[in-house]
Structures are given as structure tokens and as C-alpha cells.
Amino acid sequence: MSETHSLLAAARRTVETYLELSMVPDPEGAARHIAPGFRLIFTGGRTFTSPADSAAFNARRYKWVKKRFLRTDAAFDETTGEVRVFNTGYLYGEWPDGTAFETNRYIDIFTVRDGLIVESQVWNDSAEILLDRHGLAEAPL
């Protein structure tokens with residue numbers, strides 16, 4: 001196995017472990033996989049600095065939420081030596097009113113340096129789904 005292949009595999013494991021711990025939620029366990037200066041950028045540009053921040057945000061947006069992973073891909077950036085990890089799938093859970101959902105698409109893009117996550121960008125359909133539920137969507141979903 002090449003050094004790059006090993007680096008990519010390790011970065012994918014780090015990200016999936018972080019995500020699994022985040023879903024428990026276990027923000028302290030997830031925090032073991034982030035680097036000092038970590039930035040978590042949510043849909044809409046909200047920036048957090050810890051897994052506990054995102055867990056608190058999610059607790060207000062969802063009654064509960066989990067991720068069903070479809071793919072985790074990684075690419076090595078030869079210029080920086082960092083690894084970009086892309087995890088995509090579906091969010092499932094319940095909105096605060098108890099309405100279930102299961103087809104909320106997401107993609108999380110991670111930057112991993114020296115085995116730790118330095119940045120995560122989170123994109124999902126939640127805002128569009130909420131706009132639609134309140135009759136504010138520009139087009140049907």
C-alpha cells in the first residue's frame with residue numbers, strides 16, 4: 001500500500017469516526033479528532049469552533065438527527081499536504097414538531113492535516129425543506 005493511499009485511508013477513518021461520535025452525540029469524543037483552531041462552517045455561513053457548538057445548534061434545529069453515509073472519498077492536495085475528505089449521504093430524524101424525515105441530502109467537506117480535522121464545511125437540504133414546509137419555497141421539492 002502506498003504512503004498516499006495509507007494517508008487517504010487514515011483521513012477517511014478519522015472523518016467517519018468524528019461523524020459517528022458527533023451523531024451520538026459525543027462532542028468530547030469527536031473533539032479528539034480535531035486540530036487546534038478547528039473551524040466548522042455550517043450551511044448559511046454559521047461558523048463554530050467545536051463539536052459541542054454544532055451539537056447545540058442541531059439540538060435547536062432538530063428533535064434528533066443522524067447521518068446515513070453513502071460515500072466517503074478522499075483526495076490528497078500535493079500543494080499543502082492536506083487531505084480533503086468528502087462524506088455524503090442523507091440526514092434522517094425528526095423536526096422539532098416530531099415530523100420524521102429521511103431524504104435530506106448532505107455533503108460534508110473536511111480538511112485533514114497531520115491526522116486531525118482542521119476544517120469542516122456542512123451542506124444540506126434542511127433550509128430548503130423548512131422553506132417548503134412553510135410555503136416559502138420558490139419551486140416544489
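Give me a count of the residues in the stretch 118-141 that are at pLDDT 95 or above, out of contact with any helix residue (DSSP H, G or I) (no Cβ under 7 Å at 6 or more places or on another chain) and of a type in the set (A, V, I, L, M).
1
Across the stretch 50-103, what is the total count of residues that are under 16 Å from Thr14 (Cβ atoms), under 11 Å from the mean Cα position of the chain (by Cα) and charged (D, E, K, R)?
Residues flagged as under 16 Å from Thr14 (Cβ atoms), under 11 Å from the mean Cα position of the chain (by Cα) and charged (D, E, K, R) within the stretch 50-103 amount to 1.
Please find, among Ala56, Ala100, Ala127, the residue that is of a type in the set (A, V, I, L, M, F, W, C), touching a Gly at 6+ places or on another chain (Cβ under 9 Å) and without any contact (Cβ under 8 Å) to a residue 24 or more places away in the chain.
None of the other options fit; the residue is Ala100.
So which residues in the stretch 88-120 are out of contact with any Lys or Arg (no Cβ under 8 Å at 6 or more places or on another chain), surrounded by 15 or more Cβ atoms within 10 Å (Cβ to Cβ), over 15 Å from Ala35 (Cβ atoms) and not charged (D, E, K, R), if there are any at all?
Correct list: Phe101, Asn104.
Could we say that Pro140 is in contact with a Phe, Trp or Tyr (Cβ under 9 Å, 6 or more places away or on another chain) and more than 22 Å from Arg13 (Cα to Cα) here?
No, not satisfied.
Looking only at the stretch 59-85, filter to residues that are hydrophobic (A, V, I, L, M, F, W, C) and either touching a residue at least 24 places away in the same chain (Cβ under 8 Å) or in contact with a Pro (Cβ under 7 Å, 6 or more places away or on another chain) (or both); which one of those is nearest to Glu3 (Cα to Cα)?
Filtering first and then ranking leaves Phe76.
Just need a number here: residues in the stretch 1-12 that are surrounded by fewer than 16 Cβ atoms within 10 Å (Cβ to Cβ) and under 24 Å from Tyr106 (Cα atoms).
Within the stretch 1-12, residues that are surrounded by fewer than 16 Cβ atoms within 10 Å (Cβ to Cβ) and under 24 Å from Tyr106 (Cα atoms) number 2.
When residues of the stretch 23-49 are filtered for being closer than 15 Å to Val122 by Cα and modelled with pLDDT of 95 or more, how many remain?
The number of residues fulfilling the criteria is 7.
Of the residues Val24, Val15, only one is among the β-branched types (Val, Ile, Thr) and under 25 Å from Thr99 (Cβ atoms); which?
Only one candidate qualifies: Val24.
The values are calculated or read from the model by the stated rules, or taken from the named source; none is laboratory data. Just so we're clear, the structure is a prediction, and the values are computed from it rather than from any experiment. Cβ atoms come from the backbone with ideal geometry, glycine included; neighbour counts cover every protein chain shown.
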